[in-house]
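**Student:** Quick one: the structure is below, questions incoming.
The values are calculated or read from the model by the stated rules, or taken from the named source; none is laboratory data. Fair warning: this is a prediction, and the values are worked out from it, not measured in the lab. Cβ atoms come from the backbone with ideal geometry, glycine included; neighbour counts cover every protein chain shown.
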Amino acid sequence: MTSLCNRSLPITSTSLGRWIPWWVASGQQQMQIDRWLLTDAIEQGSPQPILRFYGWQRATLSWGCHQQRVEVDGDPLVGCIDQVRRPTGGRAVFHQSYRDEAELTYCLVMPYRGTANRRQAYRELCQFLRLGLASWGIVLDEGSGIPDHAVHYSQKTSCFASQTAADLSWRGQKVIGSAQLWQRGYVLQHGSMILQPNRPLWEKVLPGSSQQVIGLAEIVGQPIDRAALMESLLKAASQYFGCGWQAQPLTPQEYEASGRDPLWVSP
């Protein structure tokens, strides 16, 4: 895994990135924040990378920006689940409430001056995740980039029902699914890291979505300390991107501005 650090990452150089501490909010608020962070970085011409981890206040089903929504199971439990549309592409993702400690969601926003090959960009931007989990003894593989596999993925409703180059897996089972939005030389990449999925609930919401998934807790055989995991990932991001990270929570003004982002598209 030491080779993960031997890279020449094509991003604008800066010595200090912004780390937004753990934040819990509704799915719509989280997506608005992610989208606004990208919009604001572009408007400011900021060279500073931004990294944040967050949780979902309630169980939520998020749809890819261009994905056609389908009806979900009519079970009363499923009917209580929020639904939002992400600003990024990809397929539907079921996010459990943060109280379940089932998932850790990350968001990375930064200027990117590298290849126009999206597969390679995913590979580069996911390396800090692989590096961070390697410190836990978890070796993740990059997802498939086979064109036929991508076609198969596009026919699936659930992001976690198949794999693409945007994903990270452990022994063939998907652990992290990511998606991107590109604008004017900047990239927003966010994704879901599975800790301990509630498989029966997954199957109620998106049938067939849990069969190719494994959580980090299942890999290591014990519950995941979310704070310790975030610390490991932050350290890996510092090592990989070559910058320190300054904790800077969202200000009330930023939070308010994110809710007025005119580019946000609701489901």
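**Student:** Consider Leu37 carefully, then state whether it is in contact with a strand residue (DSSP E or B) (Cβ under 7 Å, 6 or more places away or on another chain), part of a helix (DSSP H, G or I) and modelled with pLDDT of 95 or more.
**Tutor:** Numbers: in contact with a strand residue (DSSP E or B) (Cβ under 7 Å, 6 or more places away or on another chain): yes; part of a helix (DSSP H, G or I): yes; modelled with pLDDT of 95 or more: yes.
Yes, satisfied.
**Student:** Considering only residues of the stretch 105-124 that are in a loop (DSSP other than H, G, I, E, B) and either among the polar types (S, T, N, Q) or touching a Cys at 6+ places or on another chain (Cβ under 7 Å) (or both), which is modelled with the lowest pLDDT? Write out each step before concluding.
**Tutor:** Of the residues in the stretch 105-124, the ones in a loop (DSSP other than H, G, I, E, B) are 112-117.
Now narrow it down to the ones that are either among the polar types (S, T, N, Q) or touching a Cys at 6+ places or on another chain (Cβ under 7 Å) (or both): 115, 117.
Details: Thr115: 65, Asn117: 77.
Ranking the qualifying residues of the stretch 105-124, first place goes to Thr115.
**Student:** Oh, and also: Would you confirm whether or not the stretch 175-183 contains a residue that is at pLDDT 90 or above, more than 20 Å from Leu38 (Cα to Cα) and among the hydroxyl-bearing types (Ser, Thr, Tyr)?
**Tutor:** Of all residues in the stretch 175-183, those at pLDDT 90 or above come to 175-183.
If we keep only those that are more than 20 Å from Leu38 (Cα to Cα) too, we end up with 175-176.
Those left that are additionally among the hydroxyl-bearing types (Ser, Thr, Tyr): none.
Scanning the stretch 175-183 turns up no residue that is at pLDDT 90 or above, more than 20 Å from Leu38 (Cα to Cα) and among the hydroxyl-bearing types (Ser, Thr, Tyr).
**Student:** Still on this structure, I have one more. Being buried (at least 22 other Cβ atoms within 10 Å of the Cβ) and in a loop (DSSP other than H, G, I, E, B) is the filter here, so list the residues in the stretch 88-104 that pass it.
**Tutor:** Of everything in the stretch 88-104, those that are buried (at least 22 other Cβ atoms within 10 Å of the Cβ) and in a loop (DSSP other than H, G, I, E, B) turn out to be Thr88, Gly90, Arg91, Gln96, Ala102.
**Student:** Looking at the stretch 170-267, what strands (runs of 3 or more DSSP E) fall wholly within it and have at least 3 residues that are polar (S, T, N, Q) and surrounded by 15 or more Cβ atoms within 10 Å (Cβ to Cβ)? So that I can check it myself, show each step before the final result.
**Tutor:** Details: elements: 173-183, 186-194, 244-247.
Output list reads 173-183.
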